[in-house]
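Worksheet: the structure to be examined is printed underneath.
The values are calculated or read from the model by the stated rules, or taken from the named source; none is laboratory data. Only a predicted model underlies this, so the values are computations on that prediction, with no experimental measurement involved. Don't worry about glycine lacking a Cβ; one is built from the backbone with ideal geometry, like all the others, and counts go over all protein chains shown.
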Amino acid sequence: MAIGTFQLERALRVTILWVTLVVLILAHVYSRPLQMRFTLKSIRAAAILGMVLTLPLGLIAREPLVTLASGVFGDSSGLVLFERTVMIAAPIEEVYFRGCVQRDVSLMESAFLYALGMLLLYLPAVQGFWIVLSVVVIGSALLGLLWTWSCQRWGPSAAIACHAVCNLCLFVVPGVLHDWASQMYR
């Protein structure tokens, strides 16, 4: 599915990929219901962990992250990135990778499968820039490990919170700062 959508407009492409994940989630949970445990303490701990690990990178690598986000999601505005990366991508990806896939594979396999999925997501945006793609895939694998660990330690809800905060720090904050800088220098 991901390869067959390379030529589509970016926003349409990610929407199709997310809808596909939702369909896979629904097919999976029909036979094996998800166990979503949740405490505010665990969500807070995972969110703080995500912020501490990714906010410095979001501030340091602001411009490359805005360029990457624009290439993948079709827009670099803070509001659009918030909707797409925090409100849509984080919950869908975590429910699929931690709630469905992680049940049947090891921690390392789960992180590898997540990185493979991100390779297919990001490939059209960074095609020809193999060093950038390598950094994105390695970063995705490390984030996949973080979210897998968060899920094992605190449950799927905490992994969703950690993923949402990481996306906030890596995409939304740079997008908002970019929007703000663009407005200041008009």
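If you take the residues of the range 115-150 that are among the hydrophobic types (A, V, I, L, M, F, W, C) and within 17 Å of ILE160 (Cβ to Cβ), which of them is surrounded by the most Cβ atoms within 10 Å (Cβ to Cβ)?
Result: TRP147.
I'd like the full set of residues that are farther than 26 Å from ILE3 by Cβ, within 11 Å of the chain's Cα centre (by Cα) and of a type in the set (D, E, K, R), limited to the range 54-105.
Within the range 54-105, none qualify.
Can you spot a residue in the range 22-38 that is of a type in the set (S, T, N, Q), touching an Asp or Glu at 6+ places or on another chain (Cβ under 7 Å) and either surrounded by fewer than 20 Cβ atoms within 10 Å (Cβ to Cβ) or not in a helix (DSSP H, G or I) (or both)?
no
Just give me the residues in the range 51-81 being modelled with pLDDT under 95, of a type outside the set (Gly, Ala, Ser) and in a helix (DSSP H, G or I), in sequence order.
The answer is ARG62, GLU63, PRO64, LEU65, VAL66, THR67, LEU68, VAL72, PHE73, LEU79, VAL80, LEU81.
Going through PHE97, PHE112 one at a time, which residue ends up being farther than 16 Å from VAL165 by Cα, in contact with a Phe, Trp or Tyr (Cβ under 6 Å, 6 or more places away or on another chain) and part of a helix (DSSP H, G or I)?
Only one candidate passes the filter, namely PHE97.
List the number of the failed condition for LYS41; all other conditions in (1) in contact (Cβ under 8 Å) with a residue 12 or more places away in the chain; (2) of a type outside the set (A, V, I, L, M); (3) closer than 14 Å to ALA161 by Cα hold.
For LYS41, the exception is condition (1).
Hey, any hits in the range 4-21 for a residue that's assigned to a loop (DSSP other than H, G, I, E, B), modelled with pLDDT under 90 and closer than 22 Å to LEU143 by Cβ?
Within the range 4-21, none of the residues are assigned to a loop (DSSP other than H, G, I, E, B), modelled with pLDDT under 90 and closer than 22 Å to LEU143 by Cβ.
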